[in-house]
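Q: This is the structure, below, for whatever I ask next.
The values are calculated or read from the model by the stated rules, or taken from the named source; none is laboratory data. None of the values given here were measured: they were computed from a predicted structure. Note: ideal-geometry Cβ built from the backbone for every residue, glycine included; neighbour counts use all protein chains shown. Ligands, DNA and RNA are stripped out before the accessible areas are found, and what is left, the full protein with its side chains, is counted by its heavy atoms. Shrake-Rupley method; radii C 1.70, N 1.55, O 1.52, S 1.80 Å.
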Amino acid sequence: MSTQDIPARKADGYDVAAIAKDLIGTAIVTLLILVPIVAYKSVITQYSLVLQARWGVVLTILALVVGVRLCMHLFVWTRAPSPVQAAAKAGPIRIPMADRIGPWVFPAMVAFAVLLPFLFGFERRPIDLGIYILTYVMLAWGLNIVVGLAGLLDLGYVAFYAVGAYAYALLSTVYFPLWFGNGVVPWAFYITLPVAGLLAALWGVILGFPVLRLRGDYLAIVTLAFGEIIRLVLINWFDFTNGPQGISVPKATFFGLPFTRGPDGFAAFFGLEFKSIQYYTFLYYVILALALLTYYVTNRLRRMPIGRAWEALREDEIACRSLGINTTNTKLTAFSIGAMFGGFAGCFFATRQGFVSPESFVFIESAIILAIVVLGGLGSQLGIVFAAIAIMGSFELFRELTFFQQWLPEGTDLVHFRMLAVGLAMVLMMRFRPRGFVTRRQPTVFLKERKAVSGDLVKEGHG
């Protein structure tokens with residue numbers, strides 16, 4: 001049967017009254033939001049503070065919002081499927097394009113990540129951006145264990161990030177030179193990296209014990225308080241953390257070879273011309289290796305009994321307990337393992353920045369990491385990569401939009417609008433794709449059918 005044999009279904013008639021009612025309601029809500037925020041602007045003159053009216057801007061935004069809402073009514077929400085789409089639905093079942101290319105997406109992205117410095121000619125800007133995004137990919141993969149797999153809402157994940165960073169800062173500048181002498185400092189990063197992960201995991205267990213009986217909003221409040229407690233301790237315990245002044249930390253070396261111009265440096269040892277980009281390329285491959293390690297370990301744990309226990313806890317804690325699963329140990333392992341990867345990322349962050357202070361570990365960092373996990377799709381490793389690229393890449397994109405400055409009012413900085421744009425994107429995502437960028441993922445346990453030699457149908461379980 002050809003597509004001409006299928007008559008196109010016409011869209012139903014527009015309900016003018018309902019559309020008008022919706023547009024009036026939209027206009028009222030928009031005005032209620034815009035009047036206190038946009039309608040008046042405070043201007044400081046030489047002698048006083050004056051309120052400047054901006055009703056023209058309010059009416060422009062109002063017309064734009066109502067116009068977009070009207071277009072949605074006319075062209076999106078009442079649109080009928082085309083004859084080609086109807087024929088495709090009535091025809092034979094085809095494998096979706098996403099299923100065909102899905103298995104190749106992650107290997108292609110890994111290959112691109114490995115070749116990124118070569119593709120951009122070892123330029124500083126792309127490598128810095130790659131380090132920036134991969135750091136948040138690793139943090140989001142760690143938080144995904146707690147939120148995506150175990151279903152435990154954690155708003156204080158940045159605390160484990162801070163533990164890892166300060167572990168490296170204090171050990172490399174104070175305790176290692178005191179205990180072993182200055183000769184161990186070039187190796188401090190490699191020694192501190194596992195120690196930072198273990199210390200963060202310990203704090204994850206410490207956080208896990210008070211929240212064993214909490215769920216939902218109560219769990220979110222406690223984890224948020226934990227993150228703020230860690231930040232306030234870092235600010236006020238001046239004798240231990242140097243308070244708001246922060247700590248300067250040494251740079252990482254290539255297994256004892258510093259990235260300096262001298263004869264004992266990395267370039268001289270390998271007979272290369274010294275370039276500062278060599279250090280940033282080294283950092284890029286270090287965070288890439290740590291991110292891939294996080295991905296591999298998370299995937300392996302997910303297929304093990306502990307990973308299946310996390311998913312059972314996420315679906316229904318009461319049913320999980322009735323099946324004989326120790327929910328106490330399950331929650332503690334989720335918090336500790338997720339925190340461990342946060343500690344690894346914090347240790348790397350410290351050596352990359354060369355300086356740590358409490359201002360780097362505020363609540364907005366936890367919110368951004370959680371937003372990456374949610375927008376990527378709970379439990380989806382690949383979706384987290386897409387979400388991290390979209391969110392963190394958009395932050396940097398606003399720094400490059402300086403050519404729009406000539407059309408904006410004087411004193412307006414586009415960088416200040418980046419969180420507004422990300423928030424709007426999150427609202428749209430929750431409206432049109434509430435399950436995130438990648439809504440499907442490979443199941444942990446599935447049944448695969450095959451034919452035995454005798455011709456009988458046998459089912460095999462795979463994990």
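Q: Would you be able to say whether some residue in segment 343-366 is aliphatic (A, V, I, L, M), open to solvent by less than 70 Å² (accessible area, probe 1.4 Å) and within 13 Å of residue 145 (Cα to Cα)?
A: No, segment 343-366 contains no residue that is aliphatic (A, V, I, L, M), open to solvent by less than 70 Å² (accessible area, probe 1.4 Å) and within 13 Å of residue 145 (Cα to Cα).
Q: Hey, any hits in segment 154-174 for a residue that's charged (D, E, K, R) and either modelled with pLDDT of 90 or more or more than 29 Å from residue 400 (Cα to Cα) (or both)?
A: Yes: segment 154-174 contains one or more residues that are charged (D, E, K, R) and either modelled with pLDDT of 90 or more or more than 29 Å from residue 400 (Cα to Cα) (or both).
Q: Among the helices (runs of 4 or more DSSP H) lying completely within segment 1-120, list those that include at least 1 residues that are modelled with pLDDT of 80 or more and either closer than 30 Å to residue 389 by Cβ or out of contact with any helix residue (DSSP H, G or I) (no Cβ under 9 Å at 6 or more places or on another chain) (or both).
A: Filter on segment 1-120 gives 16-34, 55-71, 97-119.
Q: Where the second residue is of a type in the set (Phe, Trp, Tyr) and assigned to a helix (DSSP H, G or I) and the first is at positive phi and lies in segment 147-168, which pairs have Cβ atoms under 9 Å and are six or more apart or on separate chains?
A: 151/310
Q: While we're on this one: Tell me, which residue of segment 263-303 that is touching a Leu at 6+ places or on another chain (Cβ under 9 Å) and open to solvent by 60 Å² or more (accessible area, probe 1.4 Å) is nearest to residue 350 (Cα to Cα)?
A: If we take residues in segment 263-303 being touching a Leu at 6+ places or on another chain (Cβ under 9 Å) and open to solvent by 60 Å² or more (accessible area, probe 1.4 Å), then 264 is nearest to residue 350 (Cα to Cα).
Q: Counting just the residues of segment 236-250 that are on the phi < 0 side of the Ramachandran plot and part of a helix (DSSP H, G or I), which one comes out least open to solvent (accessible area, probe 1.4 Å)?
A: 241
Q: Let me ask something additional. Residue 198 passes all but one of (1) under 16 Å from residue 350 (Cα atoms); (2) at pLDDT 90 or above; (3) not basic (Lys, Arg); which number fails?
A: In the conditions (1) under 16 Å from residue 350 (Cα atoms); (2) at pLDDT 90 or above; (3) not basic (Lys, Arg), residue 198 misses (1) alone.
Q: Taking residue 291 and the conditions (1) free of Cβ contacts under 8 Å to residues at least 60 places away in the same chain; (2) closer than 21 Å to residue 361 by Cβ; (3) not β-branched (Val, Ile, Thr), which numbered condition does it fall short on, given that it satisfies the others?
A: Unmet condition: (1).
Q: Just to be sure, is residue 314 open to solvent by 50 Å² or more (accessible area, probe 1.4 Å), free of Cβ contacts under 8 Å to residues at least 12 places away in the same chain, farther than 30 Å from residue 112 by Cβ and among the basic types (Lys, Arg)?
A: no
Q: Now for a separate question. For the condition in contact with a helix residue (DSSP H, G or I) (Cβ under 7 Å, 6 or more places away or on another chain) and either among the hydrophobic types (A, V, I, L, M, F, W, C) or surrounded by 12 or more Cβ atoms within 10 Å (Cβ to Cβ) (or both), what is the one hit in 260, 253?
A: 253
Q: Going by what's in this entry, would residue 198 be described as open to solvent by 30 Å² or more (accessible area, probe 1.4 Å), in contact (Cβ under 8 Å) with a residue 24 or more places away in the chain and over 14 Å from the mean Cα position of the chain (by Cα)?
A: yes
Q: Return a yes/no flag: does segment 320-329 have any residue that is modelled with pLDDT under 90, more than 27 Å from residue 170 (Cα to Cα), open to solvent by less than 40 Å² (accessible area, probe 1.4 Å) and assigned to a helix (DSSP H, G or I).
A: Yes, because at least one residue in segment 320-329 is modelled with pLDDT under 90, more than 27 Å from residue 170 (Cα to Cα), open to solvent by less than 40 Å² (accessible area, probe 1.4 Å) and assigned to a helix (DSSP H, G or I).
Q: Does residue 183 fit the bill of being within 25 Å of residue 301 (Cα to Cα), assigned to a helix (DSSP H, G or I) and at pLDDT below 90?
A: no
Q: Would a scan of segment 414-437 turn up a residue that is open to solvent by less than 20 Å² (accessible area, probe 1.4 Å) and at pLDDT below 85?
A: Scanning segment 414-437, I find at least one residue that is open to solvent by less than 20 Å² (accessible area, probe 1.4 Å) and at pLDDT below 85, so the answer is yes.
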